[in-house]
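Below: one structure, written as structure tokens.
The values are calculated or read from the model by the stated rules, or taken from the named source; none is laboratory data. In this text the structure is predicted, and so the values were computed from the model without any measurement. Counting neighbours? That spans all protein chains shown, and the Cβs are built from the backbone with ideal geometry, glycine included. For the accessible areas, the whole protein counts, side chains as well, though only heavy atoms, and no ligand, DNA or RNA atoms are used. Shrake-Rupley method; radii C 1.70, N 1.55, O 1.52, S 1.80 Å.
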Amino acid sequence: EPEVTQTPSHQVTQMGQEVILRCVPISNHLYFYWYRQILGQKVEFLVSFYNNEISEKSEIFDDQFSVERPDGSNFTLKIRSTKLEDSAMYFCASSEGLSPTEAFFGQGTRLTVV
Amino acid sequence: DAKTTQPTSMDCAEGRAANLPCNHSTISGNEYVYWYRQIHSQGPQYIIHGLKNNETNEMASLIITEDRKSSTLILPHATLRDTAVYYCIVRGYNTDKLIFGTGTRLQVFP
């Protein structure tokens, strides 16, 4: 069964460093998303991406964040200068289309900023 | 998107049906009801969704009341592996993002 894959599963970085989280969405999907979950809190929407551009972003997704689809298979989330409060699980998701199609999530990358 | 209300936690005996309720009294006509679950800290897993008719798949059944103000997710024979947080989400037609609440923590016990 096709699945969304994310790498790495765990990333530790020093405050102020740049990190890139990688995702390979399901191959025929056209919509891509990033969500995050701070430990013990809700899953929060960050950004959606379609047709090589951001279609929607939350207020969390500030200038420190960027997304890119550098080739036909990868979808990346970059955090330019990490802060302690960026420590969280980051989930990538993809879907064939908009609602009512379903979105499928990867297993996440645990980002720890020290 | 309409707000949903779910119980904070529920228990269910292994092998019994787990019935998870959700209230969405402000749902509008073109909004769908989605259910996802999250096992430990894994990525949310899609379960099922529906508009107004009851739906069934290999994982679960979704019963939506006629007025669409509430729904119930049914896991017909719960197993220990069904222990998870279950999220009921209302999502508009032709929208992309999912808005997660706090969900129901289902504990299946032997």
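So the values come out like this:
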| read-out | value |
| --- | --- |
| Filtered residue count, region B:9-38, keeping only those that are within 27 Å of B:THR79 (Cβ to Cβ) and in a loop (DSSP other than H, G, I, E, B) | 4 |
| Residue within region B:19-33 that is within 29 Å of A:TYR90 (Cα to Cα), free of Cβ contacts under 8 Å to residues at least 12 places away in the same chain, over 14 Å from the mean Cα position of the chain (by Cα) and within 14 Å of another protein chain (Cβ to nearest Cβ) present | no |
| Verdict on B:GLY43 being within 13 Å of another protein chain (Cβ to nearest Cβ), open to solvent by less than 20 Å² (accessible area, probe 1.4 Å) and modelled with pLDDT under 95 | no |
| Test: residue in region A:42-51 that is more than 11 Å from chain B (Cβ to nearest Cβ), touching a strand residue (DSSP E or B) at 6+ places or on another chain (Cβ under 8 Å) and not polar (S, T, N, Q) | no |
| Boolean, B:SER71 is part of a strand (DSSP E or B) and either at pLDDT 95 or above or not acidic (Asp, Glu) (or both) | yes |
| Condition met for B:GLY101 (at pLDDT below 95, out of contact with any helix residue (DSSP H, G or I) (no Cβ under 8 Å at 6 or more places or on another chain) and not aromatic (Phe, Trp, Tyr)) | yes |
| Strands (runs of 3 or more DSSP E) contained in region A:38-114 and holding at least 3 residues closer than 21 Å to A:HIS10 by Cα and over 11 Å from the mean Cα position of the chain (by Cα) | A:109-113 |
| Scan of region A:98-114 for residues that are under 19 Å from B:TRP35 (Cβ atoms) and more than 7 Å from chain B (Cβ to nearest Cβ), ordered by number | A:THR101 |
| Matching option when the condition is open to solvent by 30 Å² or more (accessible area, probe 1.4 Å) and without any contact (Cβ under 8 Å) to a residue 24 or more places away in the chain, among A:GLU96, A:GLU68 | A:GLU68 |
| In region A:9-32, residue nearest to the chain's Cα centre (by Cα) [restricted to those that are open to solvent by 40 Å² or more (accessible area, probe 1.4 Å) and closer than 12 Å to A:LEU77 by Cα] | A:ARG22 |
| Residue within region B:44-66 that is on the phi > 0 side of the Ramachandran plot, out of contact with any Pro (no Cβ under 7 Å at 6 or more places or on another chain) and touching a residue at least 40 places away in the same chain (Cβ under 8 Å) present | no |
| Selection within region B:46-63 - surrounded by 14 or more Cβ atoms within 10 Å (Cβ to Cβ) and either outside any loop (DSSP other than H, G, I, E, B) or within 11 Å of chain A (Cβ to nearest Cβ) (or both) | B:TYR46, B:ILE47, B:ILE48, B:HIS49, B:GLY50, B:LEU51, B:GLU55, B:SER61, B:LEU62, B:ILE63 |
| Matching residues in region B:65-98 - criterion: being open to solvent by 10 Å² or more (accessible area, probe 1.4 Å), more than 13 Å from chain A (Cβ to nearest Cβ), more than 16 Å from B:GLY15 (Cα to Cα) and within 13 Å of the chain's Cα centre (by Cα) | B:SER70, B:THR72 |
